[in-house]
Amino acid sequence: MTSKSKMDMESVLTLENLTIAIRNGIDREGMPEEQAKEMAQHILNFFGYSERMIDNVLEPEDRDAFYMLEDTGILTTEREETTLYDGREWRIHYWLFRKERILELVCGYDMKGEDADSDVSIYEELEDGVWDTLKNPGASSF
């Protein structure tokens with residue numbers, strides 16, 4: 001991870017970091033970077049400088065994109081209930097960024113904390129003679 005892409009929980013979410021998180025969260029190889037960047041810009045435009053945004057400003061197509069990002073863990077929802085003057089309950093739904101998950105995706109880690117870029121099996125890292133050693137325990141120790 002480069003210092004340019006570092007993000008902590010207190011920092012402002014940048015277009016660059018959200019682009020990386022979207023690309024890593026949705027489809028590492030299949031989503032072109034430009035498409036991920038456009039989506040990140042579109043999402044950030046809704047939030048502006050806020051940590052959360054109200055759901056009722058979204059059009060159905062936009063809401064679909066938000067649900068897709070919720071599935072990857074980039075966004076989450078929250079709701080607030082209030083009582084109106086006439087006694088009715090009113091629910092307000094909000095969308096929030098999950099900065100911890102975004103940080104995981106920017107750093108290249110999956111939900112389990114394992115390196116998501118690693119296609120190497122743990123067995124590929126073992127020395128060639130390790131299996132022979134296990135078959136003959138007295139032959140040598142490693």
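Could you compute the net charge surrounding LYS37? Neighbours are other residues with a C-beta less than 13 Å from the C-beta of LYS37; K and R count +1, D and E count -1. Walk me through the intermediate numbers first.
Working: positive: ARG23; negative: GLU16, GLU33, GLU34, GLU38.
In short, -3.
Note the full-extension length gain between PHE46 and HIS93 as 0.36 nm times their separation in residues minus their Cα-Cα distance, in nm to one decimal.
15.5 nm
Subtracting the Cα-Cα distance of THR77 and GLU34 from their residue separation scaled by 0.36 nm leaves 12.8 nm. Taking 0.36 nm per residue of sequence separation and removing the Cα-Cα distance, the GLU61/ASP27 pair yields an extension gain of 10.3 nm.
Net charge within 10 Å of ARG79 by Cβ-Cβ distance, Lys/Arg positive one each and Asp/Glu negative one each, not counting ARG79 itself? Result for the local shell: -3.
None of the figures in this text is laboratory data; all of them are computed from the coordinates on show. Owing to the predicted nature of the structure, the values given are computational and were not obtained by experimental measurement. Neighbour counts are summed over all protein chains in view; Cβ atoms, including those assigned to glycine, are modelled from backbone coordinates with ideal geometry.
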